[in-house]
Amino acid sequence: MFDIATRAQAGLLKALGETLAIIQQQTGITQRQAWNIHKEAQNRGWSPGTPLLDKHVKDNLKDRSGRKRMITPTVEQAVVDAVTKDQYGREKTLVELGSQFNISSQSVLRILHKHNFGKPSQQENLVSPEI
């Protein structure tokens with residue numbers, strides 16, 4: 001949440017013996033965050049009196065797990081291929097396609113809309129009368 005320089009400043013102020021309240025006042029980092037930054041830097045191999053490197057205070061925001069993406073580019077392409085392969089793929093319902101690729105029918109609909117697949121026009125189904 002804070003840039004790496006601010007995190008390093010908070011870690012160094014804590015190492016120099018500043019109170020957490022002063023660290024919060026100077027950097028805007030809460031007291032709990034300042035304590036955690038200092039503790040995490042030590043866990044990553046830093047000790048007071050040695051240079052504080054980026055690797056000691058970096059934020060691991062990208063390393064957090066979060067929810068796994070269900071619609072990967074591979075799955076998306078497989079859904080599009082299943083629909084365009086032949087007429088039987090085009091006739092499948094969203095639920096059938098979703099169960100085939102282990103995703104929800106709403107996700108299938110989102111993929112199809114993204115690739116400009118819509119309901120067939122009523123005009124396409126009409127047969128021209130023979131005169």
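The values are calculated or read from the model by the stated rules, or taken from the named source; none is laboratory data. Not measured: the values here are computed from a predicted model. Here the Cβ positions follow ideal geometry from the backbone for every residue, glycine too, while neighbour counts run over all protein chains shown.
Only one entry of 130, 96, 91, 124 meets the criterion of being at pLDDT 90 or above, over 30 Å from residue 8 (Cβ atoms), not assigned by TED's automatic domain parsing to the domain that holds residue 29 and not aromatic (Phe, Trp, Tyr), and that entry is 96. Residue selection: residue 17 fails the criterion of being touching a helix residue (DSSP H, G or I) at 6+ places or on another chain (Cβ under 8 Å) and of a type in the set (Gly, Ala, Ser).
Conditions tested, residue by residue: (1) acidic (Asp, Glu); (2) assigned by TED's automatic domain parsing to the domain that holds residue 105.
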| residue | (1), (2) |
| --- | --- |
| 28 | no, no |
| 35 | no, no |
| 43 | no, no |
| 54 | yes, no |
| 84 | no, yes |
